[in-house]
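The values are calculated or read from the model by the stated rules, or taken from the named source; none is laboratory data. As the structure is a computational prediction, the values presented were derived from the model and not from experiment. Don't worry about glycine lacking a Cβ; one is built from the backbone with ideal geometry, like all the others, and counts go over all protein chains shown. For accessibility, only protein heavy atoms count, side chains too; no ligands or nucleic acids. Shrake-Rupley method; radii C 1.70, N 1.55, O 1.52, S 1.80 Å.
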Amino acid sequence: MAEAGKVAALALKALSDAAKPGVSLLDLEALALEVLAAHGAKPSLLNYHPGFSQTAYQFGTCLSVNDEVIHGTPRKKLLREGDVLGLDLVASIDGWHADSAKTVGVGEVSNRALKLMRITEESMWHGIEQSRAGNTMGDIGHAIQRHVEKNGFSILKNMVGHGVGTAVHEPGLDVLNTGRPKSGIRLEVGMTFAVEPMVTAGRGDMKHRKDDPWAVVTKDGSLGAHFEHTVGVTEDGPRVLTLLPAS
Ligand code: MF3
Ligand code: CO
């Protein structure tokens, strides 16, 4: 998983470097597939059929623009100055998956967008910090929720992180973005899961667009941000499996 995670990180880095005004979402999708292949990893999401959908997913990445918080699909759309772009992908090597996401600004973005991205990323790290044997999923959720709400933003409702391993979504291991300390599933050494706060600048309600079964958008049209790392619980504490290789 750590090997797949390095490649996922390289692909995300390539996408964030390439995300400039005038570049299309399909260009980014192609770039991601290229980077994954160049490093011997497979795009886990391509033809992946998650339980929550009627159909299989047709791309290797999820690219979510502005009010799309997660699961936006690559399309011809050109990026514009000021867009807030979520990049999400899963890489696999030898059947082991690693899932990671980040949100970046295209060109110059508003201060509010910058703050939303910063707080969302920080909340992910607060959640990761709690990913220790003996703690609970409630500890992770509480740490994320507290940081987000203290800063005036909202957790996207009804969405959680998940176990990751030989499946992209391992059942039975919801990773909460809200919660009470010391409640819920107890964490054990060897668990591997995605910590992935999904945050909105407005209220936290979500909807789908009529013509798009995939993208999860904010109901009030506010901006969304999403950061995600796959983490393993070790005897020495949390190990982030989706970091860039030390160069
Ligand atoms: N990183 C995404 C997630 O954890 C991957 C799912 S994309 C979809 O939800 F194909 F399932 F939509
Ligand atoms: Co995920």
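Of the residues Glu196, Glu34, Glu121, the one that moves most in a GNM of the chain with alpha-carbon contacts below 10 Å is Glu34. Quick check: at a probe of 1.4 Å, how many percent of the accessible area of region 2-240 sits on carbon and sulfur atoms? Carbon and sulfur atoms account for 51 percent of the accessible area of region 2-240.
Note on Asp94 and Asn111: the extension gain reaches 1.9 nm, defined as 0.36 nm multiplied by sequence separation minus the Cα-Cα distance. Accessible area per residue for region 140-247 is 49 Å², calculated with a 1.4 Å probe on protein heavy atoms, without ligands, DNA or RNA. Contact order for region 2-240, expressed relative to its length and based on alpha carbon pairs under 8 Å spaced 6+ residues apart, stands at 21 percent. Between region 133-196 and region 39-77, what is the separation of their alpha carbon centroids in Å? With region 133-196 and region 39-77 each reduced to a Cα centre, they are spaced 22 Å. Remark: the Arg118-Val23 segment gains 31.8 nm on full extension, using 0.36 nm per residue and subtracting the alpha carbon distance. For the listed residue pairs Lys20/Lys76; Lys76/Lys102; Lys42/Lys182; Lys13/Lys115; Lys150/Lys219, the alpha carbons are over 26 angstrom apart in Lys42/Lys182. Looking at region 3-53, the accessible area is 46 square angstrom per residue; that uses a 1.4 Å probe and ignores ligands, DNA and RNA. Taking only DSSP H segments of four or more residues, each worth -39500 (n - 2.57), what value at 222 nm results for the chain once the sum is divided by all its residues, to the nearest 500 deg cm²/dmol? The per-residue figure over the chain is -8500 deg cm²/dmol. Our estimate of slack between Asp220 and Asn158, defined as 0.36 nm per intervening residue step minus the Cα-Cα distance, is 20.7 nm. If R0 is 25 Å, the Cβ-Cβ spacing of Ala38 and Glu170 corresponds to a FRET efficiency of close to 0.35.
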